[in-house]
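See structure below.
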Amino acid sequence: MPDGKPLSAPQKALIKLGLARDIDLALHLPLRYEDETRITPLGAAREGEAAQVEGTITACEIAYRPRRQLVATLDDGTGTCQLRFFSFYPAQQKALAPGTRIRARGELRGGFFGWQMVHPVCKPADAPLPQALTPVYPTVATLPQAYLRKVVDSGLARADLSDTLPQTLARRFGLDPRWGLREALEFLHRPGPETSLAALEDRSHPAWQRLKAEELLAQQLSQLQSKRERDALRAPPLRAAPGGLPEHLLAALPFELTGAQRRVVEEIGADIARETPMHRLLQGDVGSGKTVVAALAAAVAIEAGWQCALMAPTEILAEQHFRKLIGWLEPLLTPRGLRVAWLTGSQKKKERVPMLEAVASGQAALVVGTHAVIQEQVLFKQLGLAVIDEQHRFGVAQRLALRGKLHTQDESAPLEPHLLMMSATPIPRTLAMSYYADLDVSTIDELPPGRTPIVTKVVADSRRAQVVDRIRAQLAQGRQVYWVCPLIEESEALDLSNATATHADLAEALPGVMVGLLHSRMPVADKKAVMALFEDGQMGVLVSTTVIEVGVDVPNASLMVIEHAERFGLSQLHQLRGRVGRGAAASACVLMFSPGENGRLGDTAKARLKAMAQTNDGFEIARRDLEIRGPGEFLGARQSGAPLLRFADLEADRGLLELAREAAPPMQDRYPALADRHVARWLGGKSQYLKA
Ligand code: ADP
Ligand code: MG
């Protein structure tokens, strides 16, 4: 575009839609098509048919019953049809003057007066009929279809569409050789009138198969490339000799590791013993005991003479980790002149400076905190292992910032820290195979012994009094209770007033019981004070907004009440429920819902509550969540800017996904130049998002 000229609204819209290059335009495929290639005679029309009719206007007037509308009558010699417009311009009225020949397209409805069309698209009947179906592209208001059609056409004509898929691979995918990339795209932008709309819509047409296979392959190649790039980097090998810190820690723990914990500890140990950086996700349901696994990995790093950083998304969670890890590790570290340090944003300078010094000198063998841990001023002496808890709550940028903490004493060969990410939201298999293909995954699939399963009840808000009775019963047994109030997205203030009111109600209904309130606007010191009272059992009921969502560990809590449960996401509900059932006592979760103004719950809200009532299994919950929400939302952090699949569907195209996974390594090895071109074509500059 010419220099210096301001961009027009459609040009801006193109950029916003990511349609910068010719290839991007060529890959911008229609949502659907309109068939303007033929005329349906009214005499042969069917009820409900989307049709194009052509004839002469015989009457046109403004009617006032039942409301103001423009009504024109079209006669094609085989029948008549009324064209009705409830909003219209004077120009439209003029264009429909009696005697004019018109082509009208819309849905045909049979009525008392014969056929009708409401708000049809009308054109003068002089132009020849188009030879192909008319594409309708995904677009925005400032980018009209006609403009977009033109730029897509020229992008398609200019783009380099030479095949990047070697014949042998195309055959492996079972692709029809007649549909190369160019043929497939030209066809999908302008399918001929004889094409089956059904095959286009369900994307089973060979042209669609070609595009989906190519897209999935690009995604696999991009992840393979980032994995190989990482494999070329160096990391310090972390190994602990027998009789070292990890063994001491194990001996000091008040419990035995579960089989699953032992297995993942070994997987992680094998990774960090290598000289290439680990990039591993540790997934395990809430309460499965991931923290101790992280502590053991940290012990290995420390034993090997390196530092370990552990980051959590909230200050409360970070502090819990801090206290737990101090309890486990400090007795072992002190004799060696080492310690555990604590870093958060809310820290006073007076506290912070000595912490930073301990980190820089290496005396702080383990550094626990929030994202404050990765800020620029934090200089590690030698960071060997970084652990990110609840990784999905961190953004891509934060994870990339960790790479800035390289060990660079020897500039020529900087060492990367090993990276362990932890999550209670397991990644369903199809996602693990696609978006997370570059990640190694360890899974804790067993809960520590002695836990009783949580019983989940879904009840209407109108039964609040019974829920309060239930709370009384738990308190009478010396147990504690969480009450979570919903997040009201539009208004944090409303959110808060709701939690405050609930807090007051409960305090009144439960005389003699300490009822606490926790919300995100409170000063950190107050939050900590409330948490401390709840943790040591003095506080019977903790009312909170979703700040307790992750990680909080109070084994004596046995009842979780979630108010307006219909407003929460499924994985959020599961996480919240995981706050109870941590001790031996039978625990319960009550999901209170209140139907909307129309007295009904929405379908997805219903599906979520049903899933919660039916299963406690985090994997099953994650699978249903994916089903309800689709991968876009599920991906969370990776979603921002990440190239989501546009054409392929992970479930429906699982076969192609498996093939793409197998095909990527041989393609990269045998045809590296084609592989690079393929990734650049499909992902442009977006592939780095997948690497964080
Ligand atoms: P999460 O995986 O949700 O982060 P935590 O690490 O917080 O779970 O562990 C939950 C609770 O279980 C903690 O109190 C922890 O000390 C305890 N725990 C962990 N492993 C075991 C085990 N093998 N046996 C008994 N209790 C365990
Ligand atoms: Mg945890």
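Region 331-375 to region 173-215: how many Å between their Cα centroids?
The distance from the Cα centre of region 331-375 to that of region 173-215 comes to 58 Å.
Suppose we keep just the DSSP beta bridges with both residues in the chain; what percent of those would be antiparallel, to 5? Let's see the in-between values first.
On the way: 31 of 86 bridges.
Given both bridge residues lie in the chain, the antiparallel proportion sits at roughly 35 percent.
Compute the length gained on full extension between F86 and N556: take 0.36 nm times their separation in residues and subtract their Cα-Cα distance, giving the result in nm to one decimal.
Working: separation 470, 0.36 × 470 = 169.20 nm, distance 6.42 nm.
Gain on stretching F86 to N556: 162.8 nm.
When Lys and Arg each count +1 and Asp and Glu each count -1, what net charge do the other residues less than 14 Å away from F88, Cβ to Cβ, add up to?
+3
Using modelled amide H (1.01 Å from N, peptide plane; none on Pro or chain starts), what sits under 5 Å from the amide H of L366, excluding residues fewer than 5 places away?
Residues meeting the amide H criterion: C308, R339, A341.
Taking only the C-alpha atoms, wrap a convex hull around the chain and report its volume per residue in Å³ as a whole number.
Values: hull volume 152.1 nm³, N = 692.
Per residue, the Cα convex hull of the chain comes to 220 Å³.
If you take the beta carbon distance between I326 and T168 as r and set R0 to 51 Å, what does 1/(1 + (r/R0)^6) give as a FRET efficiency, to the nearest 0.05? Working shown, then result.
Working: r = 58 Å, r/R0 = 1.15.
Efficiency computed from Cβ-Cβ geometry: 0.30.
Setting aside same-chain residues fewer than 8 positions from K227, which lysines have a Cα under 28 Å from its Cα?
Counting by Cα, and skipping residues close in sequence, K227 has these lysines nearby: K212, K290, K381, K405, K686, K691.
Taking the simple approach of a point 7 Å from Cα along Cα-to-Cβ for both H119 and V524, what is their distance in nm?
My value for the distance between the label points is 5.3 nm.
By how many nm would the segment from T615 to R67 lengthen if fully extended, with 0.36 nm per residue of separation less the alpha-carbon distance? Let's see the in-between values first.
Values: separation 548, 0.36 × 548 = 197.28 nm, distance 5.29 nm.
Computed gain between T615 and R67 is 192.0 nm.
Percent of alpha carbon pairs in region 38-124 separated by more than 15 Å?
On the way: 1915 of 3741 pairs.
Everything past 15 Å amounts to 51 percent.
What nm distance separates the two modelled labels at R336 and N598, each placed 7 Å from Cα along Cα→Cβ?
Inter-label distance under the simple model: 6.3 nm.
None of the figures in this text is laboratory data; all of them are computed from the coordinates on show. Fair warning: this is a prediction, and the values are worked out from it, not measured in the lab. Neighbour counts run over all protein chains shown; Cβ positions are idealised from the backbone, glycine included.
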